[in-house]
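The values are calculated or read from the model by the stated rules, or taken from the named source; none is laboratory data. None of these values were measured; they are calculated from a predicted model. Quick reminder, even Gly has a Cβ in these numbers, built from the backbone with ideal geometry, and neighbours come from all protein chains shown. Side chains are part of the model used for accessible areas, which takes the heavy atoms of the whole protein and leaves out ligands, DNA and RNA. Shrake-Rupley method; radii C 1.70, N 1.55, O 1.52, S 1.80 Å.
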Amino acid sequence: MTKIVVVTSGKGGVGKTTTSASFATGLALRGYKTCVIDFDVGLRNLDLIMGVERRVVYDLINVINDEIKLSQALIKDKQLDKLYILAASQTRDKDALKQEGVERVLIELKEMGFDYIICDSPAGIETGALMAMHYADEALVVTNPEVSSVRDSDRILGMLNSKTRRAIDGLDPVKEHLLITRYNPNRVEGGQMLSLEDIHDILRTPLIGVIPESESVLQASNQGVPAIHMKGSDVAEAYADVVARFLGEEKPMRFIEAEKPGFFKRLFGR
């Protein structure tokens, strides 16, 4: 049975698209047929992160407007046979997203045998974000360990509980997972970032993973590959852990403890 997962946040720039790309890639690496859809109409960044920007001929809005068949717009990933990308339009605005059109695309993807459909939501509470979350079965709520980001995520949690199809139809609620990105335990100890406990006290949402602050994310973005492909990096391992936990596996939470300075660093300082 197909599951629809929205990757969402209230604040921009927290790592939603990076997460969508790595999460979808991780599911495909585990053998699941996965499609990741960019709902950020007018901006479009997912295709860059996935390294398929030159392959985009048609987009989500072309499909919604019945200008082409869905199969014409789906882009097959360069490395994984079970991973497909549906790009957003750069030339339209968010009003081009129509609920009945989005529903038709999702139904067709289900009929094509996709195990997972990942909806990469734009930030905030506008049309694109509402459309991305409306049909979700589960949600990854992405936040940074800072007050404004966490506060905005609280608003998104409220919307998941009130404005989705599951909420409107009185079905089981959207299953929520909290993902904390750009976490630096040393800065937490120094009082520059919120701790995991602080964030949990505010949001009260099950934590699915912690992605460490790392230059690997920027390197991956510049290379046009999802961060989960950066073998040997903490970020790649952290995203692999997130996918494993999502699939029901037990994984210890890593990258949450501050590094203790070694003997020579304590002796000589910097």
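Brief remarks on what is shown
- Tail weight of P(r) past 20 Å, computed on alpha-carbon pairs of the stretch 109-242, percent: 54 percent
- Global geometry of the stretch 68-119, whether rounded, prolate or oblate, following the gyration tensor of its Cα atoms and the 1.5 cut on a/c: oblate
- Seen against the Cα atoms of the chain and their longest principal axis, helix 16-29 is set at about 80 degrees.
- Label separation (ARG55 vs ALA258): 4.5 nm, computed from points 7 Å beyond Cα along the C-beta direction.
- Mean silhouette area of the stretch 125-200, derived from the convex hull of its C-alpha atoms and averaged over all directions, reads 5.2 nm².
- Between LYS3 and TYR116, ILE117, the built amide H atoms are under 5 Å apart, and every one of these is 5 or more places off in sequence or on another chain.
- For the stretch 99-163, GluC sites (Glu not before Pro) are listed when DSSP marks them as loop and at most 16 other Cβ atoms sit within 10 Å of their Cβ; the list is GLU126, GLU146.
- 21 Å Cα-Cα threshold exceeded, pairs from LYS11/LYS76; LYS78/LYS251; LYS69/LYS175; LYS94/LYS163: LYS11/LYS76; LYS78/LYS251; LYS69/LYS175
- Cα-based helix-to-principal-axis angle, 147-160 vs the chain, degrees rounded to 10: 40 degrees
- Square roots of 5 times each gyration tensor eigenvalue, C-alpha, the stretch 45-87, largest first, Å: 18, 11, 7
- Average projection area in nm² (convex hull over Cα atoms of the chain, one quarter of hull surface): 14.9 nm²
- Tensor-based shape of the stretch 187-228 (alpha-carbon gyration tensor, a/c under 1.5 rounded, otherwise prolate or oblate): oblate
- In plain terms, if you count all Cα to Cα distances in the stretch 1-126 and split them into 5 Å steps from zero, the share in each step is 2, 12, 24, 26, 22, 12, 3, 0 percent.
- Taking amide H as placed 1.01 Å from N in the peptide plane, THR181 has its amide H under 5 Å from the amide H of THR143, ASN144, ILE211, each at least 5 places away in sequence or on another chain.
- Share of carbon and sulfur in the accessible heavy-atom surface of the chain [1.4 Å probe, %]: 47 percent
- Each Lys or Arg adds one and each Asp or Glu takes one away; over the other residues whose Cβ falls under 14 Å from the Cβ of ASN45, this sums to -4.
- Under 14 Å, Cβ to Cβ, from ALA21 - net charge with Lys/Arg +1 and Asp/Glu -1: -3
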